[in-house]
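The values are calculated or read from the model by the stated rules, or taken from the named source; none is laboratory data. Please read these numbers as outputs of a predicted model, since none were measured by experiment. Here the Cβ positions follow ideal geometry from the backbone for every residue, glycine too, while neighbour counts run over all protein chains shown. Just so you know, the surface numbers come from the protein's heavy atoms only, side chains and all, with ligands and any DNA or RNA stripped out. Shrake-Rupley method; radii C 1.70, N 1.55, O 1.52, S 1.80 Å.
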Amino acid sequence: PEAAEGRPGPGHEDFRPRIVPYYRDPNKPYKKVLRTRYIQTELGFHERLFVAVLTSKATLNTLAVAVNKTVAHHFPRLLYFTGLRSAKVPHGMVLVAHGDERPIWLMYETMNYIHQHFGSDYDWFYIMQDDTYVQAEQVKALVTHLSINQDVYLGRAEEFIGGDEQARYCHGGFGYLLSRSLLLKLHPHLDSCRNEILSVRPDEWLGRCIIDFIGITCISQLQGQHYHTYELAKNTELEKEEEEFQAALAVHPVSDMTLMYRLHKQFSRIQLDRVYQEIQDLQMQIRNLTALTPAGEAGVTWPVGINAPFLPKSRFEVISWDYFTEQHLFSCPDGSPKCELSGASKADVSEIIESAVEQLNRRYQPLLRFSKRQLLNGYRRFDPTRGMEYTLDLLLEAATQKGHSHVLAKRVSLVRPLSKVEIIPMPYVTEATRVQLVLPLTVQDLDFVANFLDMFAMNTLDTHDNALLTLLFIYHPYDAQRVGQVDVFAGVKAMVGELEKRYAEVKIPWISVKTEVPSQVKLMDIVSKKHPVDTLFFLASVWTEINMEFLNRCRMNTISNWQVFFPVHFQEFNPALVYRGEQTASSSTDFLRDGHFDRHSFAEACFYNSDYMTARTKLAADILDRDEVLESMEVFDVFLHYSGLHLFRAVEPGLVQKYTPRSCNPRLSEELYHRCVLSNLEGLASRSHLAMALFEQEQANST
């Protein structure tokens, strides 16, 4: 009211910011300021809502579990409090046991615990019992509309028996909301309340404590927001309850788990009906407003309110459709032309067909009743601007009210729109982590080592990047026997010596291994034992050109005990086939034009030593002493089958490799050898370049 009249009311002072100039005393030594990890910590932001659920020995495994299954996942933080000493905690619940089942003592210890552990982290504290059903989304919406700078004690106000008529306490069965400022003021008086206030009910005890020492009474409405509750009678038919029930934030008492689940189902249905009605109202408003725009009614997209389909600017941006039937998918993840429809894809297709028939019946009933005979054709594509689109050709049987039926084909279009975007929480990583490069070398790689070391020196040593290098010399048994007379890696060792002279603080160690079959897993076993468990490895190849941009992505994309990173490098094509004597492209914008991302190569990898050791231990227990199995595996296979971590496989434009035919070891497993051969063949040139080379060769032969 005061704001409407243009004058500030009580508690609404006109705050004006003032600039505090920075001043440092020149006589005092300078101390480096330690910044917080997150900006919200530095600015003093708090989380919105903390929820405490009071439970007991009799209801911990029944009603408390029901609360956890129905509403717990809607709240950002929810803890259960009990007086049991050594309670067995049900799965998925966080329980705090105080060791005393007296109700007043439980409330006293709970308020102390909340203040001590969460008092500085949250703005609002919601206390409820496990025999209460609350609409979680409504409670969260309530606190977003309340100001946090007031002492708030909000719930269902009840009179004290034989007490002051003006004083009210909040009934614990219907839950109540406390503000952070009230909790901070209340905490110093909790001991006095425990010793001076006698009460049987913990909610009355807390209400009397707040009134006596803070002077705040319970209220049921604040700042235009009402705390609606509903007292549940016995044998209540939930489906027939009226508006008061539907508007309730909290329902009490809930006698058993089944009733809790029925309440959750009923309120979810009510909420869903509201959402559907709101969607229809918004769609009607969009239609009415679109008619007034320059595009007119033609500007209305389908479905109304969903983004329009993506419009490609060139043929390379066209999103292709995937064809499917009820049994098969004709665009398979492994590249095969046809595969069986199963798992999530099968469930997706079944649901879409069922939804299509249901929508047709909703539109044409009671005149016509449709039933599916067969899916003739199915097409789907994922449009990143709106969601998954479907086009179905259905063979339907249409029945009239008089019993006549007719078979007809109908084409329908459906959209499964993208829902609310959810940010997945990820552990915190930085770009300051030291990267340990591991470079395996064979005799065939000697011609390329000089370029690798030059790039390493230029992009890491000159820039003082936090990266180290370890060389792994792989000797053939014949070369190992002659190492005293002729060392095949003598030239590489000389280059390393020159680098260590040029950069006095740098040491580049090497490890010598003798083997006929250089298994990537066996080699990594040797390197892993010689480094600490917290080492971040980058397993490189001799053709890799190291740069700071990629090393930072290696650090950011690799998370200990969470994720490993397997980049897909960019492989340049054979210049003899691509340019055929012409000058190569020198423009920096075209460096990714004449090549491809080599999806057959798993030579580069970023992972932590601790994660590798954990996965390797599981692998050892699985294969026992059959070491020959390791020759058919790569590090990627170890993490894929034995780690349980996220495997992040993505194209990496920062890893560009010049064209070089790789030597494929026939002693490796058939799969690894075949993958190496495919990598060489696909790395020759694109189909257009190969076709042009064949065409020129045929022309030369014909003349």
* Summarise the accessible area of segment 274-401 (1.4 Å probe, protein heavy atoms) by the percent that is carbon and sulfur. => 55 percent
* **Inter-centroid distance (Cα atoms) of segment 314-334 relative to segment 447-474, Å** => 43 Å
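Which whole-number percentage describes the relative contact order of segment 322-417, with Cα contacts under 8 Å and a sequence gap of 6 or more?
Details: 160 pairs, mean separation 21.5, N = 96.
Normalised by residue count, the contact order of segment 322-417 is 22 percent.
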* **Reachable lysines, given that their alpha-carbon falls under 29 Å from the alpha-carbon of Lys372 and they are not under 8 places away in the same chain** => Lys338, Lys346, Lys402, Lys410
* Which cross-chain or sequence-distant (5 or more) residues have an amide H under 5 Å from the amide H of Leu376, H modelled 1.01 Å from N in plane? -> Asp393, Leu394, Leu395
* List the relative contact order of segment 37-258 as a percent without decimals, with contacts defined as Cα pairs under 8 Å and 6+ residues apart. => 21 percent
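Of the heavy-atom accessible surface of segment 57-154 (probe 1.4 angstrom), what whole percent is carbon and sulfur?
Details: 2060 of 4250 Å².
On segment 57-154, the fraction of accessible area on carbon and sulfur atoms equals 49 percent.
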* Apply the Karplus parameterisation 6.51 cos²θ - 1.76 cosθ + 1.60, with θ equal to phi minus 60°, to every residue of segment 147-155 and state each ³J(HN,Hα) to the nearest whole Hz, in sequence, with x for glycine and proline. => 6, 8, 9, 10, 7, 10, 10, 10, x
* Structure fact -> Taking a straight Cα-to-Cα line shorter than 18 Å from Lys529, and setting aside same-chain lysines fewer than 8 residues away, one finds Lys514, Lys618
* Taking the Cβ of Gly173 as the center, what net charge do the other residues with Cβ under 11 Å away carry, scoring Lys and Arg +1 and Asp and Glu -1? -> -3
* Asked: If you plug each phi of segment 652-665 into the Karplus form 6.51 cos²θ - 1.76 cosθ + 1.60 with θ = phi - 60°, what whole-Hz ³J(HN,Hα) values come out, in order, with x for Gly and Pro?
  -> 10, x, x, 10, 10, 10, 5, 5, 8, x, 7, 8, 9, 6
* Asked: For the chain, what relative contact order do you get, as a whole percent, if you take Cα pairs closer than 8 Å and at least 6 residues apart?
  -> 7 percent
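What number in nm² do you get for segment 379-529 if you take the convex hull of its Cα atoms and divide its surface by four? Intermediate values should be presented prior to the final figure.
Details: hull surface 77.1 nm².
Result: 19.3 nm².
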* To do: Find the accessible area per residue for the chain; the probe is 1.4 Å, ligands and nucleic acids are left out, and the unit is Å².
  => 59 Å²
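What shape does segment 37-258 have by the C-alpha gyration tensor, where a ≥ b ≥ c are the square roots of the eigenvalues, rounded means a/c under 1.5, and otherwise prolate means a/b greater than b/c and oblate the rest?
Details: a/c = 1.14, a/b = 1.10, b/c = 1.03.
It is rounded, given that a/c, with a ≥ b ≥ c, falls under 1.5.
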* **Sum of side-chain charges, Ala605 neighbourhood, beta-carbon under 12 Å (Lys, Arg +1; Asp, Glu -1)** => -4
* Whole Å is fine, so just give me how far the alpha carbon centre of segment 524-574 lies from that of segment 118-188. => 52 Å
* Where the centre of each part is set by its Cα atoms, how far does segment 633-649 sit from segment 237-299, in angstrom? -> 45 Å
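Would you mind counting up the charge near Thr325? Only other residues with Cβ under 15 Å from its Cβ, with Lys and Arg at +1 and Asp and Glu at -1. Kindly include the intermediate steps, with their values, before the conclusion.
Values: positive: Lys338, Lys346, Lys372, Arg373, Arg380; negative: Asp322, Glu326, Glu340, Asp348, Asp393.
Net local charge, Thr325 excluded: 0.
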* **Compactness relative to 2.2 N^0.38 Å, alpha carbon Rg of segment 322-417** => 1.19
